[in-house]
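FYI, it's all coordinate maths here, none of it is from the lab. Nothing here was measured: the structure is a model prediction, and the numbers come from that model. Cβ coordinates were reconstructed from backbone atoms using ideal geometry, including for glycine residues, and neighbour counts include every protein chain displayed.
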Amino acid sequence: MQDGCNPPVLETKKQFDASSLTIILLTCGLFFFLAVTSDTFFSFGNLQNSFNNLQSILYGVSIDFFAAIGFTFLIIMGELDLSVGSVAAFSGMFTGYLMRVKIPLAPAIAASLSVCVIIGLVNGFLVVKFKVPSMMITLGSMTAVRGMADVLCSNLYTYTYPRAYQRISKLRIGSGAYAVFAVIAIVFVTAVILEILLKRASVFKKMYYVGENIETARVYGIKSGQLKIAIFAISAFTAGIGGIYMGARLGFAETAIGSGLEFKVLTAAVLGGASLSGGKGSVLRTGFGLIFLALILSGVIINNINPLYQQLIIGIMLVAAVFIDTRVSLSSERGASRGTGGDAK
């Protein structure tokens, strides 16, 4: 048996996957299409307005991206966290509630994120300990945490968050007309660092091994249960960060905060090449998936289509992405079984 510290390198990681560029090319293609077909989206004749439009899109994507970080880690391991939207809503409102009762900003944020981590740990523990599908566990926690957020929202009715809290969402890098929101820069740097770690750090590679074949991962000494619990905690933590930005940006409590976020990040992850069966996924490509969805919704607005159709569009994209992922997975399994049969002969 090989050393437990050196699990086998998966064959899928040795070869360059051309499909990994698909979402990047689609996003770039959609951007140029909107730029060509609409003067209000991007125009070199009005760089200031174009810069503001792009920054507005990236700002919204950046906030959603926080929830997508831990979610992508989980989908790589073959798990789901449908509670990220509810956790984000709870985190933002709980921070505002704590500030309302005169707790300073930093302790309020620390307390909110601590509760989020506890929620994630409970999710992970239930999934690992009782072998219950993560979709069912997190569906239940999604409902429970959303109920907690609704209670907070009723207590915060007509209350406007303090300026110190709202200022988080307004921090910029640079000065003048082309200053960039700090959260965009933070997310960009985070995405690049995490992508490098996913490819090179052994701790992060273990997520792929678990998602590809959990039994094989155990044979090689990977403590898959502990790893899953930790990643569930990270998923709730990153969703909580996104929720704090959402609350700061809005400035008051709103029951609709985070609604549908779990399906948005799921769609983005699958569009970015992640597989619902595990073993595949990329934080950077999930980010491009979010940008792709944001560009589609911008196109809807530009073309004067009712914004109420946004959820319909995301739903259609999710069904299409899951269908393609399922077909690809089935084709891969058939190819592998034929290869095994050939070897046996």
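Here are some notes:
- For the stretch 266-282 and the stretch 75-151, distance of Cα centres in Å: 22 Å
- From the coordinates of this entry, log10 I(q)/I(0) by the Debye sum over Cα atoms at q = 0.07, 0.09 Å⁻¹ is computed, and it appears in (1) -0.31, -0.52; (2) -0.47, -0.70; (3) -0.25, -0.43 under the label (1).
- Restricting the stretch 116-146 to trypsin sites (Lys or Arg not before Pro) that sit in a DSSP loop and have at most 13 other Cβ atoms within 10 Å of their own Cβ leaves LYS131.
- Least to most buried among PHE181, PHE90 (fewest other Cβ within 10 Å first): PHE181, PHE90
- Full-stretch length increase - PHE51, VAL322 - with 0.36 nm per residue and alpha-carbon distance subtracted: 94.2 nm
- Legend: helices of the chain (whole DSSP H runs) are marked when their alpha-carbon atoms reach 18 angstrom or more along the helix axis and their mean Kyte-Doolittle hydropathy is at least 1.0; marked are 22-37, 47-76, 105-130, 182-200, 224-250, 283-302.
- Shape of the stretch 67-165, Cα gyration tensor, a/c cut at 1.5: prolate
- Residues with amide H under 5 Å from that of PHE181, placed H, sequence gap 5 or more: ILE173
- Distance in nm between pseudo-label sites at ALA164 and LEU312 (7 Å out along the Cβ direction from Cα): 4.6 nm
- For the stretch 42-162, the relative contact order comes to 31 percent (Cα pairs under 8 Å, sequence separation of at least 6).
- Residue exposure sequence - LYS228, LYS199, LYS206 - by fewest surrounding Cβ within 10 Å: LYS199, LYS206, LYS228
- Exposure proxy order (Cβ contacts within 10 Å, fewest to most) of SER86, SER62: SER62, SER86
- Among LEU312, LEU26, LEU198, the residue with the largest mean-square fluctuation in a Gaussian network model of the chain, with springs joining Cα atoms closer than 10 Å, is LEU312.
- Long-range amide H partners of PHE252 with built H, under 5 Å: TYR161
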